[in-house]
Amino acid sequence: QVQVVESGGGLVQPGGSLRLSCAASGFTFSRYNMKWYRQAPGKERGLVAVITSGGSTYYADSVKGRFTISRDNAKNTMYLQMNNLEPEDTAVYFCNAAHPARPNYWGQGTQVTVSS
């Protein structure tokens, strides 16, 4: 049974930090490209960051220099370290597992709210 579970969201003040986790099971995690998406109220879901199965990373311009994506294949877990958070980062953050020849998997999301 496939499971993708995000955690670590919450309420933080502008300039603060959070670390999101995405715990996966039921598929070969190390072979998947892992991605973070986010969706703010009234907006479409957008790509935040990617870490490939080989460890290469990509960031949306809006988070470059503030967010860091990483993965621990031994723990089947992906992370998103978010620093210097801004109110514009407020959104539900989703974990996605992507493979070119297999089904993609999504988590249920975790809420991040940046507000004073």
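Cross-link reach is defined here as a Cα-Cα straight distance under 24 Å, omitting same-chain residues fewer than 8 places apart; for LYS75 the lysines meeting it are LYS35.
As an exercise, identify the trypsin sites (Lys or Arg not before Pro) in segment 44-106 lying in DSSP coil whose Cβ has no more than 10 other Cβ atoms within 10 Å.
Working: sites: ARG45, LYS64, ARG66, ARG71, LYS75; in loops: ARG45, LYS64, ARG66, LYS75.
For trypsin sites (Lys or Arg not before Pro) across segment 44-106 that sit outside H, G, I, E and B with at most 10 neighbouring Cβ atoms in 10 Å, the list reads LYS64.
Give me the percent of accessible area attributable to carbon and sulfur for the chain, probe 1.4 angstrom. Walk me through the numbers on the way to the answer.
Working: 2730 of 6070 Å².
The nonpolar share, carbon plus sulfur, comes to 45 percent.
Give me the percent relative contact order of the chain, please, defined on Cα pairs under 8 angstrom at least 6 residues apart. Can you show the working numbers first?
Values: 277 pairs, mean separation 41.9, N = 116.
In percent, rounded to a whole number, it is 36.
Extension gain, GLN13 to ARG31: 0.36 nm times the residue separation minus the Cα-Cα distance gives 2.9 nm. Bridge orientation summary for the chain: considering DSSP beta bridges with both residues in this region, about 95 percent are antiparallel.
Can you tell me the dipole magnitude for segment 21-89 around its Cα centre, using point charges on the Cβ only (Lys, Arg +1; Asp, Glu -1), in Debye to the nearest 20?
Numbers: 9 positive and 6 negative charges, 50 e Å.
Dipole magnitude for segment 21-89 comes out near 240 debye.
Label separation (LYS43 vs ALA60): 0.6 nm, computed from points 7 Å beyond Cα along the C-beta direction. Only one residue of GLY55, PRO41, GLY15 has its Cα farthest out toward the positive end of the dipole of segment 11-86, where Lys and Arg carry +1 and Asp and Glu -1 on Cβ, and that residue is GLY55. Under conditions of 10 °C and 1.306 mPa s, the chain yields 113 µm² s⁻¹ as its translational diffusion coefficient, taking Rh as the Kirkwood radius over Cα pairs in the Stokes-Einstein equation. Modelled spin labels at ARG102 and SER116, positioned 7 Å past Cα toward Cβ, are 4.6 nm from each other. Dipole check for the chain: with +1 at the C-beta of Lys and Arg, -1 at the C-beta of Asp and Glu, and the Cα centre as origin, the magnitude is about 320 Debye.
Note on GLU88 and THR68: with the Förster distance fixed at 22 Å, the Cβ-Cβ geometry gives a FRET efficiency of about 0.75.
The values are calculated or read from the model by the stated rules, or taken from the named source; none is laboratory data. On a predicted model such as this, the values are computed, not experimentally measured, just so you know. A quick note on method: Cβ atoms are made from the backbone with ideal geometry, for glycine too, and the neighbour counts reach across all protein chains shown. Each accessible area value is taken on the protein alone, full model and side chains, heavy atoms only, with ligands, DNA and RNA left out. Shrake-Rupley method; radii C 1.70, N 1.55, O 1.52, S 1.80 Å.
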